[in-house]
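The values are calculated or read from the model by the stated rules, or taken from the named source; none is laboratory data. It should be emphasised that the depicted structure is a prediction, and the values quoted were computed from it without experimental measurement. Ideal geometry is used to build each Cβ from the backbone, glycine not excepted, and the neighbour counts take in all protein chains shown. The protein model used for the area step is the full one, side chains on, heavy atoms only, and it has no ligands, DNA or RNA in it. Shrake-Rupley method; radii C 1.70, N 1.55, O 1.52, S 1.80 Å.
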Amino acid sequence: MNEKERLAIVWDNIERLAFRPNPSARWLSVYAKTMHRLWGEEPRWNYLRPVDEFFVTFLNLKCCYSIENVEKYSVSLTQNPIPDRCYWQNHIDPDYLSKGSPCSANGRYPLRFGKQREKLPRDIRTVLDGMIFHPRCHTHLGGLGIRHVQLDQDRGGLSSHEIRIGGGIENPYVFLFHLRYQFCLVAENVRVAEKRRLIGLFEEAIVNRDSAVNARDLFDFKPLGPGRVS
C-alpha cells in the first residue's frame, strides 16, 4: 500500500472516530466545557448547540456557526462587539463538488505488516497537520489586523500570525476542533503537547480498531467535581 492510500485511510478513520458524532449534543457540550483550557482562560461555557456562538475574548472575536448536518454548515468570525465587521465567513454546501469529495478511502490500515505499522504515527501526524494543525488552505488572522491581546509576547505567548483558519474544511466538527487548537496562543509547548496527545490518541484507536473516540478522551475532559472542570 502506497503513502497516498495510507493517508486517505487515516484521514477517513480519524473523521469517523471523532468528528461524525450522532447525536452531536455530547460532543458540543464537552467542546464547550474544555475550550478554555488550551486558551489559558477561565471556564465560560457549559454547553453549545448546533446553531450557536462563542467568544474569543483575547482576540475580540465572536464565532457564529450553524450546523445542519455533518456535510452542511456555515461559520463566521466577526469583531466583538461590532457585528458588522466580519473577518471570516465559510459556507459548506454538499450539492457541489470539492477536489476531495468524490473520493473515499477503502480498506483498513495495514497493521499486519511491521514496516507499515511503524509508519502509522507519522501518517497520523501528516493527516492531523492538514486537518487541524496547519490546514493547506488557510487565512492568517494576523494579516487581517487581528492582534493577540491575551499575553505580552515577551513572556512567551504566540502571535496572532500563528492562527491559521482553514478554508477547505468540509466537516463542521473538524472546523470547530481546529479553531480550538488555532486559538491556543499561550505558548508553543502547549501546542506541541496537544499535538502529541492527539497523535497518541488516534494511534491507539486505529490500532485497536475502535468504532469511536469518546468525547471525554478527544477533549481531554477531566471533571474536578460538581460544577467544575479542569
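Screening segment 1-50 for residues that are within 20 Å of Ser74 (Cα to Cα), aromatic (Phe, Trp, Tyr) and not in a helix (DSSP H, G or I) and picking the one that is nearest to the chain's Cα centre (by Cα) gives Phe19.
All conditions in (1) over 19 Å from Trp45 (Cβ atoms); (2) open to solvent by 30 Å² or more (accessible area, probe 1.4 Å); (3) at pLDDT 95 or above hold for Ile199, with the sole exception of (2). Evaluation of Lys99 against the conditions (1) surrounded by fewer than 15 Cβ atoms within 10 Å (Cβ to Cβ); (2) within 30 Å of Lys222 (Cβ to Cβ) shows that the sole unmet condition is (2). Among the residues of segment 91-108, is any within 19 Å of Ser211 (Cα to Cα), in contact (Cβ under 8 Å) with a residue 40 or more places away in the chain and of a type in the set (D, E, K, R)? The answer is yes, given that some residue of segment 91-108 is within 19 Å of Ser211 (Cα to Cα), in contact (Cβ under 8 Å) with a residue 40 or more places away in the chain and of a type in the set (D, E, K, R).
Would you check which residues across segment 134-157 are closer than 17 Å to Trp39 by Cα, open to solvent by 10 Å² or more (accessible area, probe 1.4 Å) and either modelled with pLDDT of 85 or more or among the charged types (D, E, K, R) (or both) and list them? Scanning segment 134-157 gives Arg147, Asp152, Arg155. Given the condition assigned to a helix (DSSP H, G or I) and in contact with a helix residue (DSSP H, G or I) (Cβ under 8 Å, 6 or more places away or on another chain), answer yes or no: does some residue in segment 56-68 qualify? Checked segment 56-68: at least one residue is assigned to a helix (DSSP H, G or I) and in contact with a helix residue (DSSP H, G or I) (Cβ under 8 Å, 6 or more places away or on another chain).
In the condition set (1) under 16 Å from Tyr181 (Cβ atoms); (2) surrounded by 15 or more Cβ atoms within 10 Å (Cβ to Cβ); (3) modelled with pLDDT of 90 or more, Ser160 is compliant with all but (3).
Of all the listed residues (Glu41, Glu15), the sole one being open to solvent by less than 60 Å² (accessible area, probe 1.4 Å), charged (D, E, K, R) and under 22 Å from Leu201 (Cα atoms) is Glu15.
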